[in-house]
Amino acid sequence: MANEQQESSIDRRKRVQFLKKAIVTGLVIGVTVPWALCAVLFFLAAGIKNEAKAERQENRSQMEAMEQELRRQEEQIAQLNSQLSEFIAQMETERQEAIVPDLDASVSGEEEKSTGHKVYLTFDDGPSKYTNDILDILKKYGVKATFFVLGKPGKGNEAALNRIVEEGHTLGMHSYSHKYSEIYATKESFIEDFQGIQTFLEEVTGVTSKLYRFPGGSSNTVTAVDIHEFIGYLQEQDVVYYDWNVSSGDAASQTLSVEAIYENCIEGIVGKSVSVVLFHDAADKKTTVEALPKIIETLLKMEDTEILPITEESKPVQHVKAEVIEN
Ligand code: ZN
């Protein structure tokens with residue numbers, strides 16, 4: 001009996017101990033598992049967050065790269081646009097300067113005495129790499145000409161300008177920039193460009209030029225302002241403008257042959273009392289230089305014909321007549 005009681009008390013103790021263990025284990029599991037789950041979830045969330053952040057950064061740098069590319073393309077377009085307008089202006093120059101308005105009718109002032117024939121050889125757009133060649137030819141034949149030049153700084157160009165003056169040729173102005181869209185935009189822009197070329201030539205050669213040739217001529221159709229506004233300004237500056245009544249045709253964008261230039265000149269000159277012949281002194285006008293000796297030789301053989309430089313006293317050939325300013 002006593003044995004049975006002892007055994008059952010041992011069993012109870014064992015059961016209590018088992019229950020205690022179970023309760024402690026349950027508590028430990030109940031507390032640690034949620035914490036462990038929390039920790040796992042926390043790390044998972046942090047991982048997702050980092051991934052999202054990296055993706056955002058990648059997206060941002062992609063966007064920046066795209067924006068940069070866009071800006072680069074915009075710059076390229078702007079550059080192309082300006083090249084295009086430059087090209088259009090150049091084409092317009094060529095078109096305008098190829099025009100030869102009604103010939104003898106455009107010699108203003110009194111009729112030239114019919115004795116003798118005056119020929120003025122004029123070279124626009126220089127100095128260029130051919131200026132010295134042209135000057136050499138003129139020197140060889142003892143002939144003086146007129147150069148309507150542009151504002152082109154640089155050692156070689158400035159030396160050429162000085163050579164023009166030193167060898168007794170006439171230095172005229174043909175605008176500083178030769179950019180129609182800028183020069184003819186407003187009266188102010190015309191004046192600014194005019195003062196630019198006059199001052200530039202003064203600084204380089206010491207000569208204050210009083211002769212002007214409008215880019216495209218006074219009859220150009222590109223000016224946004226009435227040409228008389230500019231003519232009025234030139235008159236105020238005591239500057240005379242000269243157009244032309246014979247074109248060598250060398251303004252054409254397609255290179256003209258030596259023969260064609262020669263024929264254009266001689267056909268244009270014959271029968272006129274005053275001929276102002278338009279040539280171009282430019283890098284792409286090699287045939288002009290090559291045609292020049294033969295043209296001069298033919299002119300020198302013509303009766304009563306003189307080759308002269310334009311001076312302030314020469315009767316101007318003008319496509320658009322200046323309106324008389326009455327004081
Ligand atoms: Zn020109």
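The values are calculated or read from the model by the stated rules, or taken from the named source; none is laboratory data. Because the structure is predicted, anything quoted here is derived from the model rather than measured. Here the Cβ is made from the backbone with ideal geometry for all residues, glycine too, and neighbour counts use every protein chain on show. Side chains included, ligands, DNA and RNA excluded: accessible areas come from the protein's heavy atoms. Shrake-Rupley method; radii C 1.70, N 1.55, O 1.52, S 1.80 Å.
Taken as a whole, the condition of being touching a Gly at 6+ places or on another chain (Cβ under 9 Å), within 29 Å of TYR184 (Cα to Cα) and either open to solvent by 40 Å² or more (accessible area, probe 1.4 Å) or not hydrophobic (A, V, I, L, M, F, W, C) (or both) applies to ASP243. For segment 119-145, a residue qualifies if it is farther than 17 Å from THR305 by Cα and either among the aromatic types (Phe, Trp, Tyr) or more than 14 Å from the ligand (Cβ to nearest atom) (or both), and the qualifying residues are PHE123, LYS129, TYR130, THR131, ASN132, ASP133, ILE134, LEU135, ASP136, ILE137, LYS139, LYS140. Residue count for segment 146-177 satisfying the condition of being within 14 Å of the ligand (Cβ to nearest atom) and open to solvent by less than 20 Å² (accessible area, probe 1.4 Å): 10.
With a cut-off of at least 2 residues that are of a type in the set (Val, Ile, Thr) and more than 16 Å from the ligand (Cβ to nearest atom), name the helices (runs of 4 or more DSSP H) lying wholly within segment 195-314. Break it down into steps so the answer makes sense when it comes.
Values: elements: 227-236, 258-269, 286-301.
Of the helices (runs of 4 or more DSSP H) lying wholly inside segment 195-314, those with at least 2 residues that are of a type in the set (Val, Ile, Thr) and more than 16 Å from the ligand (Cβ to nearest atom) span 258-269, 286-301.
Has segment 79-91 got at least one residue that is modelled with pLDDT under 90 and assigned to a strand (DSSP E or B)? The answer is no; no qualifying residue exists. Screening THR170, THR205, THR221 for residues that are at pLDDT below 95 and within 26 Å of VAL277 (Cβ to Cβ) leaves exactly one candidate, THR221. Residues in segment 180-189 that are assigned to a helix (DSSP H, G or I) and within 15 Å of the ligand (Cβ to nearest atom): TYR180, SER181, GLU182, ILE183.
Residue-level check: of (1) closer than 26 Å to ARG163 by Cβ; (2) open to solvent by 40 Å² or more (accessible area, probe 1.4 Å), SER257 misses just (1). Among the residues making up segment 178-199, a single one is open to solvent by 10 Å² or more (accessible area, probe 1.4 Å) and in contact with a strand residue (DSSP E or B) (Cβ under 7 Å, 6 or more places away or on another chain): GLN198. The selection criterion, being among the hydrophobic types (A, V, I, L, M, F, W, C), open to solvent by 80 Å² or more (accessible area, probe 1.4 Å) and at pLDDT 85 or above, holds for LEU70.
Every condition in (1) surrounded by fewer than 20 Cβ atoms within 10 Å (Cβ to Cβ); (2) touching a helix residue (DSSP H, G or I) at 6+ places or on another chain (Cβ under 6 Å) holds for GLY232 except the one numbered (2).
The residues of segment 264-282 that are under 22 Å from LYS140 (Cβ atoms) and surrounded by fewer than 20 Cβ atoms within 10 Å (Cβ to Cβ) amount to a single one, ILE266.
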